[in-house]
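Colleague: This is the structure, below, for whatever I ask next.
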Amino acid sequence: MKISTKGRYGLRIMTDIAIHEKEGCVSVKDIATRENLSEKYLEQIITPLSKAGLVKSVRGAKGGYLLSKSAKETSVEEILLATEGSLAPVACAEDSECCENYCDCVTSFIWTKIYDAIIGVVRNISLEELAERSAKSGGCKSC
């Protein structure tokens, strides 16, 4: 399984908002400048984050985005699911009913173990932890 730029940049967007939220609403333009990313592409990524209820938009001259809930209560899993969709390496790892051969498939347990490991990691890392790590390290500009 490979996380796309949507997922990676989604994490960076959310981390940036978490870091700068105390200053007020965070604009996509400011995120794009700080993260050295395309503003147009970030606008495409912020939409699913908003639809998932992870951020809320504020209109107006000082508008932008705020977290819908605290960074501590927001998991990496939620952000990746909003931007990537399923995190399963193959469909049957998430839904054994989708494959008529699941019970007889010698490899199905591998996919389930991989999926469980991925979920176990991303579910237990909060946005707060990402923001704290980013503040200490100066952020991740190379991903």
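Colleague: Could the peptides 81-89, 129-137 be put in order, highest first, of the mean number of other beta-carbon atoms found within 10 Å of their residues?
Modeller: Working: 81-89: 18.2, 129-137: 14.3.
Those peptides, ordered most packed to least, come out 81-89, 129-137.
Colleague: Which of Ile46, Ile110, Ile19 ends up with the largest GNM mean-square fluctuation for the chain, with Cα atoms connected below 10 Å?
Modeller: The residue that fluctuates most here is Ile110.
Colleague: To the nearest 20 debye, what is the magnitude of the charge dipole of the chain about its Cα centre, counting +1 on the Cβ of each Lys and Arg and -1 on the Cβ of each Asp and Glu?
Modeller: In debye, rounded to 20, the chain gives about 780.
Colleague: Using a 1.4 Å probe over the heavy atoms of the protein chains, calculate the carbon and sulfur portion of the accessible area of the stretch 1-124 as a whole percent. List each step's numbers first, then the result.
Modeller: On the way: 3750 of 7320 Å².
In the stretch 1-124, the share of accessible area belonging to carbon and sulfur is 51 percent.
Colleague: Note down the magnitude of the dipole of the stretch 1-58 about its Cα centre, charges +1 on Lys and Arg C-beta and -1 on Asp and Glu C-beta and zero elsewhere, to the nearest 20 debye. Could the numbers behind the result be given before it?
Modeller: Values: 10 positive and 7 negative charges, 56 e Å.
That gives a dipole near 260 debye.
Colleague: Would you kindly work out the equivalent ellipsoid of the chain from its C-alpha gyration tensor and give its semi-axes, the square roots of five times the eigenvalues, largest first in whole Å? Before the final figure, lay out each step's value.
Modeller: Values: eigenvalues 210, 45, 35 Å².
Largest first, the chain gives 32, 15, 13 Å.
Colleague: Whole-Hz ³J(HN,Hα) for each residue in the stretch 59-75, computed from phi via Karplus 6.51 cos²θ - 1.76 cosθ + 1.60 with θ = phi - 60°, x for glycine and proline: what do you get?
Modeller: With the stated coefficients, the stretch 59-75 comes to 8, x, 4, 9, x, x, 10, 10, 5, 6, 9, 4, 4, 5, 8, 9, 9 Hz.
Colleague: Give the aspartates and glutamates whose C-alpha is closer than 17 Å to that of Lys56, dropping any in the same chain fewer than 8 places away, or say none.
Modeller: Leaving aside aspartates and glutamates fewer than 8 places away in the same chain, those within reach of Lys56 are Asp16, Glu21, Glu23, Asp30, Glu43, Glu73, Glu78.
Colleague: Are there GluC sites (Glu not before Pro) in the stretch 22-78 that DSSP marks as loop and that have at most 13 other Cβ atoms within 10 Å, and which are they? Walk me through the numbers before you get to the answer.
Modeller: Working: sites: Glu23, Glu35, Glu39, Glu43, Glu73, Glu77, Glu78; in loops: none.
Loop-located and lightly packed - none at all.
Colleague: Also, I was wondering about something else. Which residue, chosen from Leu67, Ala117, Thr83, occupies the Cα position most advanced towards the positive end of the dipole of the chain, where the dipole is computed from +1 (Lys, Arg) and -1 (Asp, Glu) charges on Cβ about the Cα centre?
Modeller: It is Leu67, whose Cα lies furthest towards the positive end.
The values are calculated or read from the model by the stated rules, or taken from the named source; none is laboratory data. The structure presented is a predicted model; accordingly, all values stated were derived computationally and were not measured. FYI the Cβ positions are ideal-geometry reconstructions off the backbone, even for glycines, and counts take in every protein chain you see. Only protein heavy atoms, including side chains, enter the accessible area calculation; ligands, DNA and RNA are left aside. Shrake-Rupley method; radii C 1.70, N 1.55, O 1.52, S 1.80 Å.
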